[in-house]
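The values are calculated or read from the model by the stated rules, or taken from the named source; none is laboratory data. Remember, predicted model here, so these are calculated numbers, not experimental data. Cβ coordinates were reconstructed from backbone atoms using ideal geometry, including for glycine residues, and neighbour counts include every protein chain displayed. Each accessible area value is taken on the protein alone, full model and side chains, heavy atoms only, with ligands, DNA and RNA left out. Shrake-Rupley method; radii C 1.70, N 1.55, O 1.52, S 1.80 Å.
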Amino acid sequence: MKNTATRDKLIDSGAQLISQQGYNATGINAVLKTCGVPKGSFYHYFSSKEEFGLAVIERFASTYDASLVTLLEDSNTPPLERLRRYFASGRDYMHECDYATGCLIGNLGQELSGQSDTFRDALNLVFQRWEQRFARCLQDAQASGDIAVHTAPEALASFILTGWEGAILRAKTLKSVEPMDLFEKILFQQVLIRPAP
């Protein structure tokens, strides 16, 4: 139990620091200092900083995946309302973090995809998992007649995730949720439209 707790503490502290300052700017010593763990303990749990970074990605992705299940796969809520709740949750988080962090996976994708195939592949798998959650919600919307069926739900899911990640980046640079609001507005008014009668 103690071993797992120490490893979790390292990952949680690392995730917080990496969210604030990026992977490359986050040193092992800073992580150790933040969580009060001796240096030898780090290498007991992780063979390298890269392995540690992958563990941070997986922890964040798993936690976020659980929230996506709650937001996007609640069969008691109409599919488009699920999407609206997802977007509202994202805006709330941007207010909470004062536009400082945004999406850890998106941030790392921008920072590391050109530097490491290992990180790029890991991050891409996370995005693919998230797209599948969106696709299932959109399939429900198409099945219930809420949106047209002329575009494959997988393509719509990819469009939504890509556009939303971009909106989060713009929100950080503007320190405003306006880009997120605009993305959602155009998505619902121009893309996710009801089938013609």
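Tabulated data
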{"quantity": "Per-residue SASA entry for His95, accessible area with 1.4 Å probe, Å² rounded to 10", "calculated": "100 Å²"}
{"quantity": "In Å², nearest 10: area of Thr77 left accessible to a 1.4 Å probe", "calculated": "10 Å²"}
{"quantity": "Solvent-accessible heavy-atom area per residue, rounded to whole Å², over segment 78-197 at 1.4 Å", "calculated": "51 Å²"}
{"quantity": "Dipole moment magnitude, nearest 20 debye, the chain about Cα centre, only Lys, Arg, Asp, Glu C-beta charged", "calculated": "420 debye"}
{"quantity": "Net charge dipole size for segment 65-136 [Lys, Arg +1 and Asp, Glu -1 on Cβ; Debye, nearest 20]", "calculated": "260 debye"}
{"quantity": "Lysine pairs meeting the criterion (Cα under 22 Å, 8 or more apart or interchain), as found in the chain", "calculated": "10"}
{"quantity": "Rounded if a/c under 1.5, otherwise prolate or oblate - segment 119-197, Cα gyration tensor axes", "calculated": "oblate"}
{"quantity": "Helical segments meeting 30 Å axial Cα length and Kyte-Doolittle -0.5 threshold in the chain (DSSP H)", "calculated": "49-72, 153-174"}
{"quantity": "In Å², nearest 10: area of Tyr43 left accessible to a 1.4 Å probe", "calculated": "120 Å²"}
{"quantity": "Dipole-positive endmost among Ala55, Gly109, Phe42 within segment 41-110 (Cβ charges, Cα centre)", "calculated": "Gly109"}
{"quantity": "Helix-only CD estimate at 222 nm, as mean residue ellipticity for the chain, using -39500 (n - 2.57) per DSSP H run (n ≥ 4)", "calculated": "-24000 deg cm²/dmol"}
{"quantity": "Choice from Gly163, Gly53, Gly114 with maximal GNM fluctuation in the chain (Cα, 10 Å cutoff)", "calculated": "Gly114"}
{"quantity": "Mean separation of Cα contacts under 8 Å, 6 or more apart, over the residue count of segment 86-155: relative contact order %", "calculated": "18 percent"}
{"quantity": "Rounded if a/c under 1.5, otherwise prolate or oblate - the chain, Cα gyration tensor axes", "calculated": "prolate"}
{"quantity": "Paired Rg and Dmax values of segment 34-77, which use every Cα atom, in angstrom", "calculated": "16.0, 49"}
{"quantity": "Dipole in debye (nearest 20) - segment 6-52, about Cα centre, beta carbon charges: Lys, Arg +1; Asp, Glu -1", "calculated": "160 debye"}
{"quantity": "Cα gyration tensor shape for segment 84-137, rounded if a/c is under 1.5, else prolate or oblate", "calculated": "oblate"}
